[in-house]
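**Q** Before I ask anything, let me first share the structure, which is written out below as C-alpha cells.
The values are calculated or read from the model by the stated rules, or taken from the named source; none is laboratory data. Just so we're clear, the structure is a prediction, and the values are computed from it rather than from any experiment. Using ideal geometry, Cβ is built from the backbone for each residue, glycine included, and neighbour counts are taken over all protein chains shown. These accessible areas exclude ligands, DNA and RNA; they are computed on the full protein's heavy atoms, side chains included. Shrake-Rupley method; radii C 1.70, N 1.55, O 1.52, S 1.80 Å.
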Amino acid sequence: MTASLHSASGPARRTVVAAAGAAGLAVALTACGGSDDDASSSPVESGASGGAPDDGGGGDAAGGAPLARTADIPEGGGKVFADRKVVVTQPSAGEFKAFSATCTHQGCAVKSVADGVINCPCHNSDFSITDGSVRGGPATKPLPAVEITVSGDSITLA
C-alpha cells in the first residue's frame, strides 16, 4: 500500500503555496496604494524640492471646508492632498487646476509635484500640471480633472 502525499486533516501543499502567494500579492498592492500611517494629517507641499504628501486615508471628495489657500500652492508646482485624493496645481500665476491624485496606470497615489509634472512613484508615470495629460508612461490616460472653486484666497472642492 502506498502512503498518501498529504494528510486528510491538513491542507494540501498547493493550498499553502497559493495562500502565501495571495498574501504576498495583497502586501504588494497595499504598498502600491501609497498608504503612510506615520504621516501627519496636514498636506505637504510638493514644490521643486519634492516631498511626500500626507496620506490620511480616504477623505470626502466633496466640497465644504477650504482645501487650501492660494498662497499655499506654488506657481509652477502644486500640492497633493492625499486625504482628499486630489492634487492642486498652479501652472501659471493665478491659474489653479485640480486633478485626481490616483494614477491612471494601476491606481497608486501620486506623491509629488516638481518641474511641471505630477509624479506617481510606483512606476514613474508623469502627468502635466496644466491639463493632467501623460508626460511619461507607463500610464496612457490623463489624470481626470477635479472641479475646484477659487474664491478670494480660498480653494475648495466644488
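**Q** State in Å² the accessible area per residue of the range 107-158; use a 1.4 Å probe, count heavy atoms of protein chains only, and round to the nearest integer.
**A** Averaged over the residues of the range 107-158, the accessible area is 47 Å².
**Q** Carbon and sulfur together cover what percent of the accessible area of the range 56-158 at a 1.4 Å probe radius?
**A** Using a 1.4 Å probe with all protein chains present, the range 56-158 comes out at 47 percent carbon and sulfur.
**Q** Once you place label points 7 Å from the Cα toward the Cβ at Ala65 and Glu95, how far apart are they in nm?
**A** 3.1
**Q** Here is a follow-up. Which value, to two decimals, describes the C-alpha radius of gyration of the range 77-158 once divided by 2.2 N^0.38 Å?
**A** Relative to the rule-of-thumb radius for its length, the range 77-158 sits at 1.00.
**Q** Here's a follow-up. Could you tell me the calculated FRET efficiency between Asp153 and Gln106, based on Cβ-Cβ distance and R0 = 41 angstrom, to the nearest 0.05?
**A** E between Asp153 and Gln106, to the nearest 0.05, is 0.70.
**Q** With +1 on each Lys and Arg Cβ and -1 on each Asp and Glu Cβ, how big is the dipole of the range 64-158 about its Cα centre, in debye rounded to the nearest 20?
**A** That gives a dipole near 280 debye.
**Q** When only C-alpha pairs under 8 Å and at least 6 residues apart count, what is the relative contact order of the range 70-118, in percent?
**A** 33
**Q** Sorted by packing (mean other beta-carbon atoms within 10 Å per residue), highest first, where do 64-72, 81-89, 132-140, 110-118 land?
**A** Output ranking for 64-72, 81-89, 132-140, 110-118: 81-89, 110-118, 132-140, 64-72.
**Q** Could you give the nm distance between label points at Asp72 and Thr130, where each point is 7 Å from its Cα heading toward the beta carbon?
**A** Using points 7 Å along Cα→Cβ, the separation is 2.7 nm.
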